[in-house]
Structure formats: structure tokens, C-alpha cells
Amino acid sequence: MLQIRLAVSLALSFVVAATTTTGCSSDEDTHPDQPLEDDSIEDGAGDGEADDGVGDDCRARVITLQASGGPNWWGLPDYSGAGVSTALLIDGFVYLVDAADGIAGKWGDAGLNGSPNAEKLQQLRAAFITHMHTDHISGLPVLMAQGTNPAQPGAGGPLPVYGPFSVEDTGPAPPGAPPGAGGGTRSGVEEFFAQLQQALSVDLRADPRSFLTPINITLPESVEGEASSATPYPAMDPFVVYEDENVLVTATLVNHFYPSFAYRFDTEFGSVTISGDTARDTNGNLERLARGSDYLLLEVILDDEEFGVSFLDDLYGPPPHGTAAQAFRERFSAIHVDSKETGDVADDSEVDTLILHHLVPPPADPETRQKYIEDARLGFSGRVEVARDLDEYCLD
Ligand SMILES: [Zn+2]
Ligand SMILES: [Zn+2]
């Protein structure tokens, strides 16, 4: 299996060599070497059954720090942060995908504060942002100002944060989109942090570039002319974003808004693909990226009036819905994977295990949790999991 991965690595290295800047890291980009000590990691910190079998000897694990997608905080009785954040813990180093509201608390709950230096996030090697929706990036200000900031003595840096590039013309707003969603510019991660750094300058007390390096991902030349707000996910091969001694990270464009990325992490222990937000049809991009992964973390929405669970009903009350709510429903459905489609994505990707996360809505009872699983099994005969916050899955 390692041979296969190395072959993939070499092939992808060729792809990146043929591009301009795809954000490959250098030694200067990475955080100082301060791995978590093995005995500091609290196995089974989550409340999920998926923690079973993840022992102290697991050297590479996926931690679903936050497993829900986009719910409104005022509607949740046990609110402790909403949105999606995922950590990969590989030989004591952490790689983060997205950073939602509440991530600081989940970080500690997952046992990632276990080392003497962990409060400075020195074991965090790199972060990857899938797209610029708030349920994926609301935690970034905390991560920067109160995590990596060297105003807190002992912090290292700089932390590379890879993510979407800026778009000057987002095109017209699609039907059902909120006001201001179209016809303007959209910040990439470099612009996002520049704006944030300016706004938080009183608190930061240091040049943020000394502790955090946002990097707008550059598309391979082969698709640079094809991808746009009008064609947000042209068919493409995965391309390399980042590589160090622990992991090779590749990416592709998916079907949400432009640009939205899915990421794949290949390690010597195994592989995991994280879909980001996307609709079912990605011109095969997600399936090409995920092909043969041990784990596919796939976003999902459950909108089944017959079953009695609907994100829109949660937001607006039961039908009949007004015109605006109906337009929102159609827009929302057009840019996410329906629960009944999740198994097809996993099957086409030939993955071992499908982990549903970014759950909209998060299951409020065992029956709803089971409904997610049964819908996935319509198209997939492999292992299916419904992630809870702080679940862990071992890669080796
Ligand atoms: Zn989302
Ligand atoms: Zn989104």
C-alpha cells in the first residue's frame, strides 16, 4: 500500500512541478518541531462509539473536532460551537482542516493541550481551509490571535494556513442566495488574514507574518483558464498543496461556490479525504481525489419531510414555505450532498469507510442517526459512520 502511495506521490509531484505556485511548503513555512508526547493524548475523548479501537499505539488518527455544518447557534439548546473542524494527528503533529466557532474548546477536549507547549499550538504544523463559509472559518480569529500569537511567550511560528484564493468577480447571485452574495469580490485566506490583522492590531502586538502565513492556493496551469465563478469545478486531476515528512496533501475543486476545495492526506499509515462542502456532481473531481482512501469524510444534509427532519423546517417552521424560504431550500440543496446520495459518492470513490460529518442537521436522536446510515447504505456496502464531535478514527 505504501508503494501505491509513493507512486501517487511521485505522479502528483510531477503535476506540481508543472505548475507555478501550488503552495508547497518549505522548511521555513512549517511550525517548529514540538510533537505532542504520546501519553499526553487522551484517547476516547469524544463521546462517539468510533473511539473504539483507537489506542495509545495509534500513530495517525482523524479527530472530528466538530462534526456539524452551519446550524444557527440560537437554535441549539446545548450549544458549544457549531460548524466543522477536523484534526489529523500524525506522530504527535496536528494538521487542521477548517476552524469553526468553538474550536478552542474542542481542541482541549480532544486532548491536544496535553504537552507542555501545546497551549502555544507548537505541534500544529499546517492548516487547510476548504472554503470561506462561516461554519468553516469562524474559529480562525481565535486560532490566530489567541493561539499562534507570539505575544504569548514561547509560541513558535509561522503556521502555514492554506486555503482559497481571492475572486474579483463572483458573478451574479444565484437564486436564493443572500443579499451581497454575487457581483463582487471574495477574499482568499491571504486577504482574510490581512483584514483580520488590521482589525486586531491592538491585540496582536507583533507582525502577524512572524507567526502565521496564509497562502492562497494556486490552481495548476492546466485548469487555471477553465475555472471561474461560472465554471467552478472543471474536471481536473488532484494537485499537490503541501508535503512534509509526515504527509502529502492534495486538493481538487468541488461543487459549492468558487473556489471550494476538497483535500486528501496520504501518510505512511493510511489516507483520508475530506470533501469540504460540495454537491454530489463534481465532474468526478472528488471521486478522483478520494479514490481508494481509507476514510472519506463527506458532508451531508438530511432534508426528508417524510421522515420529519428538515433543515429548512428547523429554520422556518413546517410547510408551507414562503417564496424566499423555498428559494433558500433549492439553493441549499443544489450545493450540498443529500443523505441519499452519500453512498453513491463513497462507492464511486472506492473508499473503505464513509464518515458522514458536517451534519445538517446534527442528529437529535438515535433514529435520525440511523436514518443517516440507512440513506448512505442505499449506495454503499462498506463501513458507514456518523461522526460526533471528538470522535477518533485510527489510520494505522
Ligand atoms: Zn458548511
Ligand atoms: Zn459551505
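The values are calculated or read from the model by the stated rules, or taken from the named source; none is laboratory data. If you're wondering where the values come from, they're calculated on a predicted model, not measured in any experiment. Cβ sites come from the backbone with ideal geometry, for glycine too, and all protein chains shown count toward neighbours.
The figures follow:
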read-out: Subset tally (residues that are in contact with a helix residue (DSSP H, G or I) (Cβ under 7 Å, 6 or more places away or on another chain) and assigned to a loop (DSSP other than H, G, I, E, B)) for segment 242-260; value: 1
read-out: Hits in segment 289-335 - residues which are within 25 Å of Pro232 (Cβ to Cβ) and either β-branched (Val, Ile, Thr) or modelled with pLDDT of 95 or more (or both); value: Leu289, Ala290, Arg291, Ser293, Leu296, Leu297, Leu298, Glu299, Val300, Ile301, Ile335
read-out: Qualifying positions in segment 320-339 - surrounded by fewer than 17 Cβ atoms within 10 Å (Cβ to Cβ) and closer than 20 Å to Ser260 by Cα; value: Glu330, Ser333, Ala334, Asp338
read-out: Those residues of segment 316-339 which are within 30 Å of Glu287 (Cα to Cα), among the aliphatic types (A, V, I, L, M) and more than 16 Å from ligand 2 (Cβ to nearest atom), in sequence order; value: Ala327
read-out: Criterion violated by Val300 - all others in (1) within 16 Å of ligand 1 (Cβ to nearest atom); (2) farther than 22 Å from Pro164 by Cα; (3) touching a residue at least 24 places away in the same chain (Cβ under 8 Å) satisfied; value: (2)
read-out: Residue within segment 203-217 that is under 30 Å from Asp347 (Cβ atoms) and among the small types (Gly, Ala, Ser) present; value: no
read-out: Qualifying positions in segment 207-230 - modelled with pLDDT under 85 and buried (at least 16 other Cβ atoms within 10 Å of the Cβ); value: Pro208, Phe211, Leu212
read-out: Filter result (within 16 Å of ligand 1 (Cβ to nearest atom), at pLDDT 85 or above and out of contact with any Ser or Thr (no Cβ under 6 Å at 6 or more places or on another chain)) within segment 137-188; value: Ile137, Ser138, Gly139, Leu140, Gly163, Pro164
read-out: Meets criteria (within 16 Å of ligand 2 (Cβ to nearest atom), in a strand (DSSP E or B) and of a type outside the set (A, V, I, L, M)) for Tyr263; value: yes
read-out: Pairs, first touching a residue at least 40 places away in the same chain (Cβ under 8 Å) and buried (at least 23 other Cβ atoms within 10 Å of the Cβ) in segment 57-69, second among the aromatic types (Phe, Trp, Tyr) and in a strand (DSSP E or B), C-beta under 6 Å, six or more apart; value: Val62/Tyr393
read-out: Selection from segment 212-241 of residues that are more than 15 Å from the chain's Cα centre (by Cα) and not in a loop (DSSP other than H, G, I, E, B); value: Leu212, Thr213, Pro214, Ile215, Asn216, Glu221, Ser222, Val223, Glu224, Phe239, Val240
read-out: Qualifying positions in segment 271-315 - closer than 20 Å to Thr353 by Cβ, charged (D, E, K, R) and more than 16 Å from ligand 2 (Cβ to nearest atom); value: Glu287, Arg288, Arg291, Asp294
read-out: Residues of segment 254-268 satisfying the condition of being more than 16 Å from ligand 1 (Cβ to nearest atom) and either crowded, with 21+ Cβ neighbours inside 10 Å or β-branched (Val, Ile, Thr) (or both); value: Arg264, Phe265, Asp266, Thr267
read-out: Residue in segment 243-251 that is within 16 Å of ligand 2 (Cβ to nearest atom), surrounded by fewer than 23 Cβ atoms within 10 Å (Cβ to Cβ) and more than 20 Å from Gly382 (Cβ to Cβ) present; value: no
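To keep it simple, each residue is scored yes or no on (1) out of contact with any His (no Cβ under 7 Å at 6 or more places or on another chain); (2) of a type in the set (Asp, Glu).
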| residue | (1), (2) |
| --- | --- |
| Tyr242 | yes, no |
| Ser260 | no, no |
| Arg280 | yes, no |
| Val300 | no, no |
| Asp303 | yes, yes |
| Phe307 | yes, no |
| Tyr316 | yes, no |
| Pro319 | yes, no |
| Glu330 | yes, yes |
